[in-house]
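See below for the structure under consideration.
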Amino acid sequence: MDHFLYRDGALFAEDVPISEIAAAVGTPFYVYSTATLLRHFKLFDDALDGMDHLVCYAMKAASNQAILKTLAQAGAGMDVVSGGEYLRAKAAGVPGDKIVFSGVGKTADEIRIALTGGIRQFNVESEPEMEVINAIAMELGVIAPITVRVNPDVDAKTHAKIATGKSENKFGIPIARAFEVYAHAATLPGLEVIGIDVHIGSQLTELAPFELAYTKVAELTEQLRAEGHNIRRLDLGGGLGIPYTRANDAPPLPVEYGALIQKTLGHLGCEIEIEPGRLIAGNAGLMVSKVIYVKSGEGRDFLILDGAMNDLIRPAMYEAHHDIVAVNEPAPGVEQQPYDIVGPVCETGDTFAKQRNMPPLAAGDLVAFRSAGAYGAVMSSEYNTRPLIPEVLVHGDQFAVIRERPSFDEIINRDTIPEWL
Ligand SMILES: *Cc1c(COP(=O)(O)O)cnc(C)c1O
């Protein structure tokens, strides 16, 4: 459920008509619903009720500070994957002891930033990285809390570009080597080993891969404890999928996911962390775009939008499906017709949907891409010197621009011309 519904024939974000935002900020733009963000966060928080836990929002999904602040005020921690994300979370008011640092290639500079500003834990992904964290912690005279990210070699049964838990993926250390790596970590004076981390992929639509992975984590916890390691925190990653089509997708619910965590790991008495990103932000955001032209081709009609692959890259990159709806609700019984829905960028890949049934649309009409809140704005670029599109946050009957559209001058003036030219 989300808060983007039709009222009297017009699409609303909570209590604000989409057309009113379009008139104020121009198209294309992203719009997020506060109520939906909070609802999704609470679903996870409630699903882990009864266990000591922290829901750390994976902010790479949608990292605007207004979104971070909304979630942090509700009690969320943050999962960051770069020094920039760490600083952005801090800027949004998230305390260091609620920030976990994930990512396969943390640089010395990034590690120093986090150790200086305070960190809940590093999720370590390799032995060389462990050595660097240890060295910097010793140099700064602090102890770095760490978990080791293990790769459980399970098939997440998701798109290949977002599967991370198979042995051929670059992430984590093979679970079979965990003993050696934990034994080594225990000898490093700048580190305190506090737990285990696992994250097997994104957009998982079944619980079975989680169950396999978490069962392995449970065994490993007991084995590592038997070796004398004080394993007291389990970071279980993110990855729970969302419905991208209203019609037929039914991924597991957070409450079912929570019950699985309880069943596989509850007996260990560990503090549980989860790192959901997509499920919190995905269906809390739309991308709204305008039809520039309707063009009749050979046997097909094209809807040419002012939004493009640089604004929302998921269809081009992951062959992802987004439901696309008319902002003016089609009259009941109106006959739909197939369109190829494309952006203006000079790439054939700049195609959002082929032969998609839509109500008849004309130049100037607004359309909304549903499920665009996660991995949307954050993956956008200025390809074709198209300005990054604005982000808007709705809260009840209020809305605010939370990132402005840059002017062409701002974009162009970012280049500097060397003296010899
Ligand atoms: C991307 C990522 C997440 C979030 O994944 P979602 O599918 O958006 O929930 C969580 N943890 C890590 C380590 C990640 O890389």
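The numbers here are math on the coordinates, done by the rules we state, and not lab data. None of these values were measured; they are calculated from a predicted model. As a convention, Cβ positions derive from the backbone with ideal geometry for all residues, glycine included, and neighbour counts pool all protein chains shown.
Values as computed for the structure displayed
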{"read-out": "Mean Cβ neighbour count within 10 Å, used as a protection proxy, ranking 383-392, 357-366 highest first", "value": "383-392, 357-366"}
{"read-out": "Protection-proxy order for peptides 140-151, 191-202, each taking the mean of Cβ atoms within 10 Å per residue, highest first", "value": "191-202, 140-151"}
{"read-out": "Over the range 61-152: Kirkwood hydrodynamic radius from C-alpha pairwise inverse distances, Å", "value": "13.3 Å"}
{"read-out": "ASN357 versus VAL142: modelled label distance in nm, points set 7 Å from Cα along the beta carbon direction", "value": "5.7 nm"}
{"read-out": "Among beta bridges that DSSP assigns inside the chain, antiparallel share in %, nearest 5", "value": "50 percent"}
{"read-out": "The range 279-301-the range 80-113 distance, computed between alpha-carbon centres (Å)", "value": "34 Å"}
{"read-out": "Inter-centroid distance (Cα atoms) of the range 124-147 relative to the range 380-413, Å", "value": "38 Å"}
{"read-out": "Kirkwood hydrodynamic radius of the range 273-334, from inverse mean 1/r over distinct Cα pairs, in Å", "value": "14.6 Å"}
{"read-out": "Relative counts (whole %) of C-alpha pair distances in the range 166-272, using bins that are 10 Å wide", "value": "13, 42, 30, 11, 3, 0"}
{"read-out": "Over 27 Å (Cα to Cα) - which of LYS60/LYS170; LYS98/LYS263; LYS157/LYS290; LYS60/LYS166; LYS42/LYS166; LYS290/LYS354 fall in this group", "value": "LYS157/LYS290; LYS42/LYS166"}
{"read-out": "Normalised alpha carbon radius of gyration of the range 34-280 [divisor 2.2 N^0.38 Å]", "value": "0.95"}
{"read-out": "Cα centroid of the range 27-63 to Cα centroid of the range 339-379, whole Å", "value": "25 Å"}
{"read-out": "Dipole-positive endmost among MET78, LEU68, HIS40 within the range 36-82 (Cβ charges, Cα centre)", "value": "LEU68"}
{"read-out": "Nearest-20 debye value, the chain charge dipole, Cβ charges on Lys, Arg, Asp, Glu", "value": "120 debye"}
{"read-out": "R0 of 45 Å, Cβ-Cβ distance VAL255-PHE179: FRET efficiency to nearest 0.05", "value": "0.80"}
{"read-out": "Relative packing of peptides 61-74, 251-264 - highest average C-beta neighbours within 10 Å first", "value": "61-74, 251-264"}
{"read-out": "Mean projected area (nm²) of the alpha-carbon convex hull when the range 315-421 is viewed from all directions", "value": "10.1 nm²"}
{"read-out": "Overall Cα dimensions of the chain, principal axis frame, Å, largest first", "value": "69, 61, 42"}
